[in-house]
1. Could you give me the percent of Cα pairs per 10 Å distance bin for the range 105-154, shortest bin first, beginning at zero and ending with the bin that holds the maximum distance?
2. Extending each Cα 7 Å along its Cβ direction at residue 47 and residue 83, get the distance between those two points in nm, one decimal.
3. Test of understanding: ordering 106, 61 by Cβ neighbours within 10 Å, fewest first, what list do you get?
4. Using Stokes-Einstein with the Kirkwood hydrodynamic radius over Cα pairs, what translational diffusion coefficient do you get for the range 63-107 at 10 °C and a viscosity of 1.306 mPa s, in µm²/s rounded to a whole number?
5. Sort 90, 57, 147 so the one with the fewest other Cβ atoms within 10 Å of its own Cβ comes first.
6. Considering the range 44-154, what Rg and Dmax in Å follow from its alpha-carbon atoms?
7. Would you mind putting 107-117, 30-40, 92-102 in packing order, based on average other-beta-carbon counts within 10 Å, highest first?
């Protein structure tokens, strides 16, 4: 009986360690961690981006023209996600929340009108993090470093 219990406890500990190691959030803060240097994550993020994001944000992350000015419908065009945009000014948690739940939820305004789809129930958390990781992987080194510094201050 002791041997079975010990094996079960050991197995559970190994499983927990694996979950912690491969998790997308840190164990200490439950923050989203963008894996911009992980090739498998980037590959997944690239393919998910192409299918779900590129039609608005551009195949090269360039965004839509005049993205800082509201269109005739009062909504802002899709911003670029490359270094010319403001994506890198936001931490991973904010980017994740915005993508999963939408701008209205992020700013606590359910009436906020946006062309940005809400991806809850459409993309998994892993896919959202993969897309954000892919985007971060395309930024120049100095912008990634600046983004890392910002995230480390939180």
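1. Whole-percent P(r) values from 0 Å outward: 20, 34, 39, 8.
2. 2.9
3. Ranked by crowding around the Cβ, least crowded first: 106, 61.
4. It comes out at roughly 139 µm²/s.
5. By the 10 Å Cβ count, ascending, the order reads 90, 147, 57.
6. For the range 44-154, the Cα-based Rg and Dmax read 13.7, 39 Å.
7. 92-102, 30-40, 107-117
Read-outs throughout are calculated quantities, based only on the coordinates presented, and are distinct from any laboratory measurement. These numbers were taken from a predicted model, which means no experiment stands behind them. All Cβ positions, even for glycine, are placed from backbone atoms using ideal geometry, and neighbour counts span all protein chains on display.
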